[in-house]
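In what follows, a structure is listed as structure tokens, so that the remarks can point back to it.
All of the numbers you see were taken from the coordinates with simple rules; none came from a lab. Keep in mind that this is a model prediction, so the values were computed, not measured. No Cβ is skipped: glycine too gets one built from the backbone with ideal geometry, and neighbour counts run over all protein chains shown.
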Amino acid sequence: MKLCALSVDLDEIPCYHAIHGLPMPTDGSAHAVYARAVPRYLDVLRELGVPCTFFVIGRDMAHGVARDGARALFEAGHELANHTQNHRYEFSRLDRDAIRAEVQGGIEAVTAVQGFAPTGFRAPGYTVNDRVFDALSELGVFYDSSVFPCPLYWSAKATKIGLISLAGRRSHSIVDAPTVLAAPADPYIAGRPYWREAAHDGGMIELPIGVTRIARLPYIGTTVMAAGPSRVGLLTAQIAGRPLVNLELHGIDLLDADDGLDALRPHQLDVRVPVAQKLDTLRAVVGDLKARGYEFVTMHEAAQAFARERRG
């Protein structure tokens with residue numbers, strides 16, 4: 001199996017204000033992801049001829065610009081998946097009923113847009129546990145893509161939350177249990193605990209967030225866009241060889257400060273990178289992976305391929 005699955009978490013700008021402990025935006029920037037980034041994703045994905053999976057927050061579908069944007073993605077042939085109803089960063093710490101309600105709300109919101117239930121799920125902040133996996137199984141979710149076994153990301157996130165606290169603000173983000181760092185980095189059937197591979201084929205299919213083969217460096221939108229088009233090939237070379245390159249992006253990865261994000265500029269370094277450069281970086285990544293023989297598929301198709309491989 002030599003597959004690449006691009007995915008985009010459509011976290012709107014208030015999510016980033018919550019991470020950094022900033023006041024919520026009250027202007028048009030609150031919907032910049034759907035109003036500006038989504039059209040850019042549609043254009044560049046059409047140009048590159050690759051499919052993508054977009055993880056949708058259910059509550060956003062109450063806004064016309066978001067609902068129309070999600071429908072445009074679906075009509076263009078991309079996959080819509082579930083990113084919970086309210087993107088609560090403490091999602092994995094909720095009780096069983098609240099976790100289930102968040103998953104179910106996201107399912108219903110996506111279903112209302114495309115006419116059928118999504119098959120995939122990603123947790124806010126990548127944080128999951130066995131209660132989350134139990135709820136996903138009970139609700140018939142086919143695959144999850146939340147496990148991020150990346151020591152550098154884990155430590156950087158913990159440090160960032162601490163620095164925000166020292167600055168007198170409160171981040172809504174939380175740090176996952178360190179046991180996630182022991183999880184497989186390639187697709188697996190989640191056992192119990194969720195970060196161990198099951199000995200049978202009856203569990204949830206997990207498609208871990210991309211990390212490089214040796215040092216488990218993060219291969220996500222933040223690091224890819226920071227590398228830029230001239231250096232991203234060095235990072236891609238370190239993940240090439242995995243059976244699935246799971247490149248997880250965010251809506252903000254195709255936005256910059258000129259999209260009305262001045263309030264985030266001092267806190268969110270990636271908004272300082274011009275959109276034109278980000279687009280060139282994405283083109284470079286896709287071109288490199290295609291040259292290495294990777295086939296681009298949706299997350300659902302990747303999970304199906306892995307399930308078939310396990311069945312032999």
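Extension gain for Arg169 to Arg310 (0.36 nm times residue separation, less C-alpha to C-alpha distance): 46.1 nm. One compactness figure for the stretch 153-312 is 1.17, namely its Cα radius of gyration divided by 2.2 N^0.38 Å. Counting only DSSP beta bridges whose two residues both lie in the chain, roughly 15 percent are antiparallel.
Each of Arg231 and Asp43 was given a label point 7 Å from its Cα along the Cα-to-Cβ line. The distance between the two points is 2.7 nm.
Ignoring aspartates and glutamates fewer than eight residues from Lys2 along the same chain, the ones with Cα atoms less than 13 angstrom from its Cα are Asp186, Glu295, Glu301, Glu309. For the stretch 113-215, report the translational diffusion coefficient in µm²/s to the nearest whole number, using Stokes-Einstein at 25 °C, 0.890 mPa s, and a Kirkwood Rh over Cα pairs. Translational diffusion coefficient: 165 µm²/s. Under 23 Å of direct C-alpha separation, and excluding same-chain neighbours fewer than eight residues apart, Lys157 reaches these lysines: Lys278.
Across the options Ala66, Ile205, Pro51, the greatest Cα extent toward the positive end of the charge dipole of the stretch 3-311 (unit charges at beta carbon of Lys, Arg, Asp, Glu) belongs to Ile205.
Quick one: if the Förster radius is 22 Å, what FRET efficiency do Thr159 and Gln277 give, using the C-beta to C-beta distance and rounding to 0.05? E(calc), rounded to 0.05, equals 0.25.
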